[in-house]
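Take a look at the structure below.
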Amino acid sequence: MFVLALNSVRHRPGRFVATLLSAFLGAAIVMTFNSLHDTAGARGVDEVSAESMTTAATVVGGYGSLLAFFAVASTLTVNVRGRAEEIRLLRSTGATPAQITWMVVGEAVVVGPVGALLAIAPSMLAGRLLLEMFQDSGQVARDVAYAFGPVALGSGLVVTLSASVGAAFLAVRRATRAASGAGRSGGRARRFAGYGALAAGAASVLSTLALDATDPMAMAPAAYGSILLAAGFAVFSPVLLRAVLGRLARPVEAVAGGSGHLAVHTMRRRAAELSGVLMPLILFTGMATATLYMQAVENDVIRAAGLTRSVDDKNLETLNLVVVGVIVVFSCVMLINSLYAATSFRRREFGQQRLAGATPGQVLGTVGCEGLLLTATGVFFGTVAGLAGILPFTYARTDGIRPGQGFGIWLGIVAVAAAATLVTSLWTARLTLRTPAVDAVAA
């Protein structure tokens, strides 16, 4: 089966581009920040500089590891679902679920490390720039030399390979069970994980009210609470999407006509598949909204009190901004990869619609309506998760409930989410429509 996997990657490399890109970016983030561990552990580094770098590497490296798994998992899941006919054919010719699983896992074992190896040089460059940023802000001494060593390289390879193999097992298990008509035994575990994330997120957010408002770590429980709530919403994204469609179906159909009706019908049918797209949307909106607004509130409080920001304050702000930057880049890549893969695999569907009388413009209109509905759903629940952390933190720090930054930050976040969703889906659909309808249906 490993030979079959190797041949599959060699002869059809196009289907693995999204997975390779996810592995590449995941390894790049992990290695960039874990190289700070190598730098902090070098001889002659003072204690303050080492602590600043170690804290950044631990916090953001942890986020990077989780995001790497989510990114590879989402793209592999969409990839495997798009190969449903191939998996059914293999099953009908006698292949066992275990053999199919090992074939897909073998593909992941080939693609994942390649992405990690390609990320080494960019990670070294990004690590140097990150060190310079810490030095410019005064958090790290100027005489500290950059080092890229075994911690960075080992963590990048281990995290990427583990994420690829783990995600492959999960994705192909669902696909083979669906191909054989088996029920979804993992649904109960998924619901349990979702409820657990929502409960832990709510508890973390509420604990903010019990902390000392002057505690420099008062932001942590509110931020983590928002992240957990966003993760919980992401788990239940198929259910949430169906609920939103139930509310918006008539308005969308009234405004967009036939394209809107087809978009709503298609999304109801593909709600489970679209969870791979909603997950990064909800996580991006929730985490970015919570972190940016809470950091803005903290900066306003420090300025209003006429205080000089300490090294800890600078470290916290740098971490928050870097975390948001990582989230923005990675979530957008997850979103783009998932949308690209999901739309590319709809070539046959688009061909059938065109043979039934739909024009390319109508097909693109349907895809655009789907993108708008996905954006609205992801932004709404991500915003709810973000507000759940922002409001108690603002109350704890200012005795008010509403932050004074207005809607500017939120509108910027929404613009990024909408642009990534619409541009990717429409561009990919346009490329797919270049194939003649008859050829697309016959493929």
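The values are calculated or read from the model by the stated rules, or taken from the named source; none is laboratory data. None of these values were measured; they are calculated from a predicted model. Heads up, the Cβs are rebuilt from the backbone with ideal geometry, glycines too, and the neighbour counts pull from every protein chain shown. Ligands, DNA and RNA are excluded from the accessible area calculation, which covers all protein heavy atoms including side chains. Shrake-Rupley method; radii C 1.70, N 1.55, O 1.52, S 1.80 Å.
Within the range 137-156, which residues are hydrophobic (A, V, I, L, M, F, W, C), part of a helix (DSSP H, G or I) and over 24 Å from the mean Cα position of the chain (by Cα)? I'd like the intermediate steps shown before the answer.
Just the residues of the range 137-156 that are hydrophobic (A, V, I, L, M, F, W, C), to begin with: 140-141, 144-145, 147-148, 151-153.
Checking the rest, the ones that are also part of a helix (DSSP H, G or I) come to 151-153.
Within the range 137-156, just Val151 meets the criteria.
Evaluate the following for Ile302: is it under 30 Å from Thr54 (Cα atoms), of a type outside the set (Gly, Ala, Ser), without any contact (Cβ under 8 Å) to a residue 24 or more places away in the chain and open to solvent by less than 60 Å² (accessible area, probe 1.4 Å)? Before the answer, list the steps.
On the way: under 30 Å from Thr54 (Cα atoms): yes; of a type outside the set (Gly, Ala, Ser): yes; without any contact (Cβ under 8 Å) to a residue 24 or more places away in the chain: yes; open to solvent by less than 60 Å² (accessible area, probe 1.4 Å): yes.
Spelling it out, Ile302 is indeed under 30 Å from Thr54 (Cα atoms), of a type outside the set (Gly, Ala, Ser), without any contact (Cβ under 8 Å) to a residue 24 or more places away in the chain and open to solvent by less than 60 Å² (accessible area, probe 1.4 Å).
For the range 69-90, indicate whether the set of residues that are part of a helix (DSSP H, G or I), free of Cβ contacts under 8 Å to residues at least 40 places away in the same chain and small (Gly, Ala, Ser) is non-empty. Can you show your working first?
Here is the first cut: in the range 69-90, the ones part of a helix (DSSP H, G or I) are 69-82, 84-90.
Next, only the ones that are free of Cβ contacts under 8 Å to residues at least 40 places away in the same chain stay: 85-86, 89-90.
If we keep only those that are small (Gly, Ala, Ser) too, we end up with none.
Looking through the range 69-90, none of the residues is part of a helix (DSSP H, G or I), free of Cβ contacts under 8 Å to residues at least 40 places away in the same chain and small (Gly, Ala, Ser).
Within the range 247-260, is there a residue that is buried (at least 24 other Cβ atoms within 10 Å of the Cβ) and of a type in the set (A, V, I, L, M, F, W, C)?
The initial filter retains those residues of the range 247-260 that are buried (at least 24 other Cβ atoms within 10 Å of the Cβ), namely 260.
Imposing the further condition that a residue be of a type in the set (A, V, I, L, M, F, W, C) reduces the set to none.
For the range 247-260, residues buried (at least 24 other Cβ atoms within 10 Å of the Cβ) and of a type in the set (A, V, I, L, M, F, W, C): absent.
Counting just the residues of the range 388-443 that are open to solvent by 30 Å² or more (accessible area, probe 1.4 Å) and hydroxyl-bearing (Ser, Thr, Tyr), which one comes out nearest to Ser207 (Cα to Cα)?
My answer is Tyr395.
Can you find even one residue in the range 178-186 that is of a type in the set (A, V, I, L, M, F, W, C), at pLDDT 70 or above, assigned to a helix (DSSP H, G or I) and open to solvent by less than 70 Å² (accessible area, probe 1.4 Å)? Even if it seems obvious, please write down each step before you answer.
Step one: list which residues in the range 178-186 are of a type in the set (A, V, I, L, M, F, W, C), which gives 178-179, 182.
Add one more test, that the residue is at pLDDT 70 or above, and what stays is none.
For the range 178-186, residues of a type in the set (A, V, I, L, M, F, W, C), at pLDDT 70 or above, assigned to a helix (DSSP H, G or I) and open to solvent by less than 70 Å² (accessible area, probe 1.4 Å): absent.
Would you confirm, using the coordinates I've provided, whether Leu157 is within 13 Å of Thr32 (Cα to Cα) and in contact with a Ser or Thr (Cβ under 8 Å, 6 or more places away or on another chain)?
Criteria not met by Leu157.
Among what's in the range 192-232 and is surrounded by fewer than 14 Cβ atoms within 10 Å (Cβ to Cβ) and modelled with pLDDT of 90 or more, pick the residue that is nearest to Lys314 (Cα to Cα).
Checked the range 192-232; the qualifying residue nearest to Lys314 (Cα to Cα) is Ala203.
In this structure, does Ala358 turn out to be outside any helix (DSSP H, G or I) and open to solvent by less than 50 Å² (accessible area, probe 1.4 Å)? Before you say what the answer is, go through the steps one by one.
Details: outside any helix (DSSP H, G or I): yes; open to solvent by less than 50 Å² (accessible area, probe 1.4 Å): yes.
The answer is yes for Ala358.
Considering each residue of the range 395-430, count those that are touching a residue at least 12 places away in the same chain (Cβ under 8 Å) and not hydroxyl-bearing (Ser, Thr, Tyr), and give that number.
First pass over the range 395-430, keeping only residues touching a residue at least 12 places away in the same chain (Cβ under 8 Å): 395-398, 403-405, 409-410, 413-414, 416-418, 420-422, 424-426, 428-430.
From the residues that got through so far, the ones that are not hydroxyl-bearing (Ser, Thr, Tyr) too are 396-397, 403-405, 409-410, 413-414, 416-418, 420, 422, 426, 429-430.
Of the residues in the range 395-430, 17 are touching a residue at least 12 places away in the same chain (Cβ under 8 Å) and not hydroxyl-bearing (Ser, Thr, Tyr).
Among the residues in the range 333-340, are any open to solvent by 20 Å² or more (accessible area, probe 1.4 Å), part of a helix (DSSP H, G or I) and modelled with pLDDT of 75 or more? Outline the logic, then answer.
Of the residues in the range 333-340, the ones open to solvent by 20 Å² or more (accessible area, probe 1.4 Å) are 333, 336, 340.
Those still in the list that are part of a helix (DSSP H, G or I) too: 333, 336, 340.
Adding the requirement that they be modelled with pLDDT of 75 or more leaves 336, 340.
Looking for residues that are open to solvent by 20 Å² or more (accessible area, probe 1.4 Å), part of a helix (DSSP H, G or I) and modelled with pLDDT of 75 or more, one finds at least one in the range 333-340, hence yes.
Output the number of residues of the range 396-441 satisfying the condition of being modelled with pLDDT under 85, more than 13 Å from Arg346 (Cα to Cα) and among the aliphatic types (A, V, I, L, M).
Qualifying residue count for the region: 2.
What are the pairs with Cβ atoms under 7 angstrom where one residue, in the range 189-214, is under 18 Å from Ala290 (Cα atoms) and the other, located anywhere, is charged (D, E, K, R) and surrounded by 14 or more Cβ atoms within 10 Å (Cβ to Cβ)? Sequence gap at least six, or different chains.
Listed pairs, sorted by first residue: Ala213/Arg397.
Looking at Phe330, Phe350, Phe345 in this structure, which one is touching a residue at least 60 places away in the same chain (Cβ under 8 Å) and open to solvent by 60 Å² or more (accessible area, probe 1.4 Å)?
Numbers: Phe330 fails: open to solvent by 60 Å² or more (accessible area, probe 1.4 Å); Phe350 fails: open to solvent by 60 Å² or more (accessible area, probe 1.4 Å).
It is Phe345.
Determine whether the range 363-373 contains at least one residue that is among the hydroxyl-bearing types (Ser, Thr, Tyr) and within 30 Å of Thr208 (Cβ to Cβ). Lay out the reasoning, then the answer.
Residues of the range 363-373 among the hydroxyl-bearing types (Ser, Thr, Tyr): 366.
Checking which are within 30 Å of Thr208 (Cβ to Cβ) leaves us with none.
No, there is no match, as no residue in the range 363-373 is among the hydroxyl-bearing types (Ser, Thr, Tyr) and within 30 Å of Thr208 (Cβ to Cβ).
Residue-by-condition table, conditions (1) buried (at least 16 other Cβ atoms within 10 Å of the Cβ); (2) of a type in the set (Val, Ile, Thr); (3) within 16 Å of Val165 (Cα to Cα):
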residue: Asn79; (1), (2), (3): yes, no, yes
residue: Arg91; (1), (2), (3): yes, no, no
residue: Ala95; (1), (2), (3): yes, no, no
residue: Val104; (1), (2), (3): yes, yes, yes
residue: Ala108; (1), (2), (3): yes, no, yes
